[in-house]
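Just below is one structure, and these are the notes that go with it.
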Amino acid sequence: MEDIEEKIAQFLKVGEYVRSDELVAEAGCSLDELENFLSSLKKRGYEIEENPALGIRLLEEPDTLSEVEIARRLKTSVIGRKAYCYSSVGSTNELAIRLGQQGAEEGAVIIANEQTKGKGRFGRSWVSPRREGIWMSLILRPEPHLEPATALSLVAAYSVAIALREVAGVRAMIKWPNDVRVGEKKICGILAELSKDARGNQFIVLGFGVNVNQSSFSGDLEQVATSVKIETGEKIPRLPLIRKLLENLEEFYFQCKKDGFSGILKGVREISTLMGKRVEVSLGGETISGYVQDIDDMGRVIIRTDEGNISEIFAGEANTVRGTSVACDRGR
Ligand code: BTN
């Protein structure tokens, strides 16, 4: 029965009328059954207009983030199979840490339509307006010696960038270690946090802030932030992007668990903005300047410093120094 409902949902188009006899023929159900399926779709958030003279049409694609909607058509076996969805929370990362401490399983995700205290890196805040983005945290329980947090942040950034390219046609790039950018502007930030559960087992929370349907940003953000809508001119439903992101995470995370980070390294290097660029990396109180030579198989960025040394950096914030770049050299 669910399949017939899905068929009807897929056959309906935004703005285009379909006759009920066409829908019945397509779905293989009776007219009475069609009525029941349409009311079930309406309950799921589909806005459907039924006009006796013209037919049936979708007014707007649903963008309801519920556990049922996320699970529907999700092609993963671990990542996102358990989803906790909220209308409004302080921070999905905070909630994920609490659930992880209580033993929530690997792959569980916490998603909210809005965050009132969204957290960014380095104690910054993350603006998370209602229904305009993907505010989501994922619990992973990796082997700490096999998957360093930096590599996992890159798995996360790579998964987002590929999902944005495939679902929204946005030319997303990775800025090491965990930003996703379009041109000079940030479209997604990732916050990785480590914690321990009651049994002393370490787990990692990966928080994703993906800007999707903002039409503009105010204040300081205007210069540095962008969204799918700003890049493409179109408002898109978040669900297909969430599903694709979860599917990419499953593929790349388990590939890394099996073969190490090197399995996705080629792809990561290809869409990394820093390769060959002159950068300044802040590490606590210290700043390292030099040229990025590579990202290695542990997710570290390799810099040839101005003093001629090679620095392998696990974490930090790298900023490019404009107008300068060199060819990358992996033959260290
Ligand atoms: C950054 O500073 O670039 C990281 C931003 C991470 C924001 C996301 S939104 C979902 C999750 N919950 C939070 O409080 N922060 C992360």
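Which shape class, rounded, prolate or oblate, goes with segment 276-316 when its Cα gyration tensor gives a ≥ b ≥ c as root eigenvalues, a/c under 1.5 marks rounded, and past that a/b bigger than b/c marks prolate? Walk me through the intermediate numbers first.
Values: a/c = 1.74, a/b = 1.12, b/c = 1.56.
Since a/c reaches 1.5 but b/c is at least a/b, the shape of segment 276-316 is classed as oblate.
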Practice task
Please check which bits of segment 257-298 a label hung off Val321 would reach, taking the label as a point 7 Å along Cα-to-C-beta and the cut-off as backbone N under 19 Å.
Solution key: 273-294
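With a 1.4 Å probe and all protein chains left in place, how much of the accessible area of segment 99-226 comes from carbon and sulfur atoms, in whole percent?
Numbers: 2430 of 5250 Å².
After summing per-atom areas, the C and S share lands at 46 percent.
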Problem - Label-to-label distance, nm, for residues given as Asp306 and Ser215 (7 Å Cα→Cβ offset) - result: 4.6 nm
Exercise for the section: For the chain, state what percent of all Cα-Cα pairs lands in each successive 10 Å bin, counting from 0 Å until the bin that includes the largest distance. Expected result: 5, 24, 30, 22, 11, 5, 2, 0
Handout entry: Accessible area of segment 65-108 divided out per residue, in Å², using a probe of 1.4 angstrom
Key = 45 Å²
Problem - Lys/Arg +1, Asp/Glu -1 at C-beta; segment 226-278 dipole; positive extreme among Gly276, Pro237, Cys256 - result: Gly276
Fill in the blank from the handout: Projecting the Cα atoms of Ser66, Met173, Val160 onto the charge dipole of the chain, where Lys and Arg contribute +1 and Asp and Glu -1 at Cβ, the residue farthest towards the positive end is Met173
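Would you calculate a helix-derived [θ] at 222 nm for the chain, using -39,500 (n - 2.57) for each DSSP H run of n ≥ 4 and dividing by the full residue count, to the nearest 500? Mind dumping the intermediate values first?
Details: 10 runs with 101 residues, N = 332.
-9000 deg cm²/dmol, from helical runs alone.
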Practice task
Return, ordered by residue number, the residues of segment 59-101 whose backbone nitrogen is under 19 Å from a label point located 7 Å along Cα→Cβ of Lys7.
Solution key: 73
Practice task
Could you size up the charge dipole of segment 207-332 around its Cα centre, putting +1 on the beta carbon of Lys and Arg and -1 on that of Asp and Glu, and report it in debye to the nearest 20?
Solution key: 400 debye
Practice task
Run through every distinct alpha carbon pair of segment 224-286 and return the Kirkwood hydrodynamic radius in angstroms, one decimal place.
Solution key: 15.2 Å
Practice task
Compute the distance in nm between two label points, each set 7 Å from the Cα along the Cα-to-Cβ direction, one at Phe122 and one at Arg19.
Solution key: 6.3 nm
Practice task
Report the extension gain between Asp32 and Glu166 in nm, rounded to one decimal, defined as 0.36 nm multiplied by the number of residues separating them, less their alpha carbon distance.
Solution key: 44.4 nm
Practice task
Output the DSSP H helices from the chain with an along-axis C-alpha extent of no less than 15 Å and a mean Kyte-Doolittle hydropathy no less than -0.5.
Solution key: 31-43, 149-163
Handout entry: Gain on full stretching of the segment that runs from Asp297 to Gln101 - 0.36 nm per residue minus C-alpha separation
Key = 67.6 nm
Handout entry: Spherically averaged projected area in nm², based on the convex hull that wraps the Cα atoms of segment 115-199
Key = 7.0 nm²
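With +1 assigned to the C-beta of every Lys and Arg and -1 to the C-beta of every Asp and Glu, and no other charges, what is the dipole magnitude of the chain about the Cα centre in debye, to the nearest 20? Display every interim value, and only then the final one.
Working: 44 positive and 50 negative charges, 194 e Å.
Dipole size: approximately 940 debye.
Work out the P(r) tail for segment 197-240: percent of alpha carbon pairs separated by more than 13 Å, whole number. Each step should come with its number before you reach the end.
On the way: 619 of 946 pairs.
When all Cα pairs of segment 197-240 are counted, 65 percent exceed 13 Å.
Which order do peptides 159-171, 256-268 fall in by mean Cβ count within 10 Å, highest first? Intermediate results must be reported in sequence, preceding the final value.
Numbers: 159-171: 20.8, 256-268: 16.2.
Packing order, densest peptide first, comes out as 159-171, 256-268.
With all distinct Cα pairs included, what does the Kirkwood hydrodynamic radius of segment 1-116 come out to in Å, to one decimal, could you say? Working shown, then result.
Working: mean 1/r = 0.0615 Å⁻¹.
Kirkwood hydrodynamic radius for segment 1-116: 16.3 Å.
Computed from the mean reciprocal separation of all distinct C-alpha pairs, what Kirkwood hydrodynamic radius does segment 96-135 have, in Å?
On the way: mean 1/r = 0.0869 Å⁻¹.
Across segment 96-135, the inverse of the average 1/r is 11.5 Å.
Taking the square root of 5 times each eigenvalue of the Cα gyration tensor, what semi-axes in Å does the equivalent ellipsoid of segment 204-325 have, largest first?
29, 23, 13
The values are calculated or read from the model by the stated rules, or taken from the named source; none is laboratory data. Just so it is clear, the model here is predicted, and its values are computed rather than measured. Glycine also receives a Cβ, built like all others from the backbone with ideal geometry; neighbour counts cover every protein chain displayed. For the accessible areas, the whole protein counts, side chains as well, though only heavy atoms, and no ligand, DNA or RNA atoms are used. Shrake-Rupley method; radii C 1.70, N 1.55, O 1.52, S 1.80 Å.
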